[in-house]
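The values are calculated or read from the model by the stated rules, or taken from the named source; none is laboratory data. On a predicted model such as this, the values are computed, not experimentally measured, just so you know. Here the Cβ positions follow ideal geometry from the backbone for every residue, glycine too, while neighbour counts run over all protein chains shown. For accessibility, only protein heavy atoms count, side chains too; no ligands or nucleic acids. Shrake-Rupley method; radii C 1.70, N 1.55, O 1.52, S 1.80 Å.
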Amino acid sequence: MKSILLLLMILAPAMSPVFGQKQLPASIQSYAVNWGYSVKQMFGAAGYDVPGPKASFELKPTIETRSEEARLDSTITYSGYDLNLPDSMPMFRNVYTYPVKGMQVVTESFYDFDHWMVLSRTALISDELGRLVNAFSQVYDDATGTYIPDSQLDIYPHENSLELVDSFFVSGWSVELNDWVRLLGVWNTIDGAGRVRESLSSNELFGIPLVFLDRYYYNNDGDLSGIESFNIDGEEEYPASRESYEYADHLLQSATTFTFDGIETFVPESKIAYTYTPFRKQELIKSFVIDFETFDWVLNHVLGYAYDDQERLKLKEEVTATEIGGWERHLNTYTYYQDEDLATDSGFSFNTQDEEWVLEDRTYYFYNGLTAYDPIDP
């Protein structure tokens, strides 16, 4: 649990404003940005958009494989394309197995000079509706040749809903106690219309729970219009932040975050603006922060998406402001095996001196009994 503790202790502001599918409560998003790798990938498998740097691969729970569907069995990532070496180098490999119906196990390995070194494995367990209800991650201890429990996610869906969740809990393994220790608990209140009205969150990392409350408000069209967040001390509620949302034809146009100044005023902090394709998929996402000297919005991050003729993502470009006033650009391009199943994911960086994109890494996906090398799983 030590790695999770260290990462969770680092707090950083973050926002994940698109509310529609599963959403982390606003109060804990600043904590989630620095959650451990295994926790992030488990939330990703459950359909949550976790803020901050993502895990390097996504886990997809598979309940039942039909013969006409492709079953992901392996991925492998190569790097070093930009180092002027004779060849690229293998870096990561993930092997997917399906021991029983409703379970998928992902084993992740790192290439260490001349052999694959197992890092971890994660088991995903889904219910009869295909909803992820438990994820369990272990890290491999090379010294003892065994897997050691690391983290666990338990999810309790709301009735028969594929999206709504009554509660979920994150636990870390304590070597000292030889048992699971709860790090986070979230309880949602859902109204008769299937809308989340309140989220009560308890961050129990430091022994004494830090308790937060988020209240959700909706406009006459049923779209989320705002979130008010509070710090809870006993029975007292203390304002912490607000988020407001604007829409056009049920498509989110902007999300603005305000923080409480501790006295009486909410001060604008950040804003995200969205544009869409004619087929209603996100095309451009611009993120801004407030400049308190000019009290104006300053652009600091841009995400752009392009799609193929089947409306599948084929290109994602990310532009991030640097501390010295410049911009860093990164590009991912995607090809497909069939339907939504990826064949390759290629990452590029932009060389400003030569004004060209430079290939850095590429991930290949293997299906239906094909794997990237035969795995040797302890």
- Every residue from the stretch 156-179 that is surrounded by fewer than 18 Cβ atoms within 10 Å (Cβ to Cβ), of a type outside the set (S, T, Y) and part of a strand (DSSP E or B): D166, D179
- Before we move on, is S109 under 24 Å from N368 (Cβ atoms), polar (S, T, N, Q) and in contact with a Phe, Trp or Tyr (Cβ under 8 Å, 6 or more places away or on another chain)? yes
- Query: Of all the strands (runs of 3 or more DSSP E) wholly in the stretch 66-143, which have at least 3 residues that are of a type in the set (V, I, T)?
  - Reply: 72-79, 103-112, 115-126
- Query: Here are some conditions: (1) open to solvent by less than 50 Å² (accessible area, probe 1.4 Å); (2) among the charged types (D, E, K, R); (3) over 16 Å from K40 (Cα atoms); (4) at pLDDT 90 or above. E128 meets all but one. Which one does it not meet?
  - Reply: (1)
- Flag if Y98 is closer than 20 Å to M42 by Cα and not polar (S, T, N, Q): yes
- Kindly list the number of the only condition in (1) open to solvent by less than 30 Å² (accessible area, probe 1.4 Å); (2) at pLDDT below 95 that fails for L153. (2)
- Any chance G222 is under 30 Å from A240 (Cα atoms), open to solvent by less than 60 Å² (accessible area, probe 1.4 Å) and assigned to a loop (DSSP other than H, G, I, E, B): yes
- Note on the structure: The residue from R215, R182 that alone is free of Cβ contacts under 8 Å to residues at least 24 places away in the same chain and closer than 21 Å to W35 by Cβ is R182
- Given (1) outside any loop (DSSP other than H, G, I, E, B); (2) surrounded by 15 or more Cβ atoms within 10 Å (Cβ to Cβ), number of the condition R197 does not satisfy: (2)
- Task: Return the residue satisfying two criteria in turn: it lies in the stretch 292-333 and is closer than 15 Å to D345 by Cβ and among the basic types (K, R), and of such residues it is nearest to the chain's Cα centre (by Cα).
- Result: K316
- Note on the structure: Inside the stretch 240-265, the number of residues satisfying the requirement of being open to solvent by less than 50 Å² (accessible area, probe 1.4 Å) and under 24 Å from L200 (Cα atoms) is 9
- Query: Which residues, taken from the stretch 274-296, are open to solvent by less than 70 Å² (accessible area, probe 1.4 Å) and within 22 Å of G326 (Cβ to Cβ)?
  - Reply: L284, I285, S287, F288, V289, I290, D291
- Note on the structure: Scanning the stretch 318-360 residue by residue, the ones that are surrounded by 14 or more Cβ atoms within 10 Å (Cβ to Cβ), farther than 27 Å from L85 by Cα and among the charged types (D, E, K, R) total 1
- Note on the structure: Among the residues of the stretch 291-309, the number that are farther than 24 Å from Y276 by Cβ, in contact with a strand residue (DSSP E or B) (Cβ under 9 Å, 6 or more places away or on another chain), charged (D, E, K, R) and not in a strand (DSSP E or B) is 0
